[in-house]
Amino acid sequence: MAERSMWDRMKGAAMLDVATSEEVEHNADLTTQAAIVVLIAAVARGIGGFNQGENGIIVGVVAALFSWLVWAGITYLIGDKLLKGTATWGELLRTLGYAQAPAVLLILGIVPVLGGIVGAIVGIWLLVTGIVAIRQALDFDTGKAILTAFLGWLVAVAIPAIVIGSSLIEW
């Protein structure tokens with residue numbers, strides 16, 4: 001059987017293909033490709049206008065890479081250490097990297113009116129591909145994958161927002 005391309009794997013991840021997630025999870029050589037998927041998604045997000053402001057694409061790419069590394073680390077700690085899944089940080093890094101594949105469609109944000117619709121659909125799609133990636137990497141059922149994603153979100157988004165918000169309050 002011929003080696004599948006990165007594009008084939010991106011399509012498989014976007015289509016929630018379990019075999020693709022398993023292939024990506026178990027092949028450490030695909031870590032660089034997973035990073036490339038994250039970069040492509042970040043550039044598409046920037047071109048589509050979802051990263052606004054001066055240097056939006058550059059800042060967006062750096063933020064996307066950093067967020068990807070942190071998200072994989074948080075889901076590893078929660079899923080593997082707390083909820084007793086079976087994955088390495090690298091396995092989560094690869095599966096969550098490829099789970100960013102649907103974000104390529106955010107480039108359509110350059111089309112007036114279509115951008116908001118595409119953004120909403122892709123946002124939900126990314127949530128689902130992320131849950132599938134977590135489920136497959138950690139060898140969980142879907143419920144535990146959703147719990148891991150939710151707890152990870154709390155750590156990655158809500159807690160820093162609360163800390164930053166509380167530091168803005170004048171006493």
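The values are calculated or read from the model by the stated rules, or taken from the named source; none is laboratory data. Worth saying up front: this structure is predicted, and the values here are computed from it rather than measured. Here the Cβ positions follow ideal geometry from the backbone for every residue, glycine too, while neighbour counts run over all protein chains shown. Note: areas computed on protein heavy atoms with side chains; ligands, DNA, RNA excluded. Shrake-Rupley method; radii C 1.70, N 1.55, O 1.52, S 1.80 Å.
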Is the range 34-57 home to any residue that is acidic (Asp, Glu) and in a helix (DSSP H, G or I)? no
Within the range 112-151, work out how many residues are more than 12 Å from the chain's Cα centre (by Cα) and part of a helix (DSSP H, G or I). 21
Would you pick out the residues in the range 112-147 that are charged (D, E, K, R) and exposed (fewer than 12 other Cβ atoms within 10 Å of the Cβ)? ASP141
Given the conditions (1) within 18 Å of VAL132 (Cα to Cα); (2) surrounded by fewer than 16 Cβ atoms within 10 Å (Cβ to Cβ); (3) aromatic (Phe, Trp, Tyr), report the number of the one that TRP7 does not fulfil. (1)
Got at least one residue in the range 60-67 being open to solvent by 70 Å² or more (accessible area, probe 1.4 Å), among the aromatic types (Phe, Trp, Tyr), in a helix (DSSP H, G or I) and over 19 Å from VAL157 (Cα atoms)? no
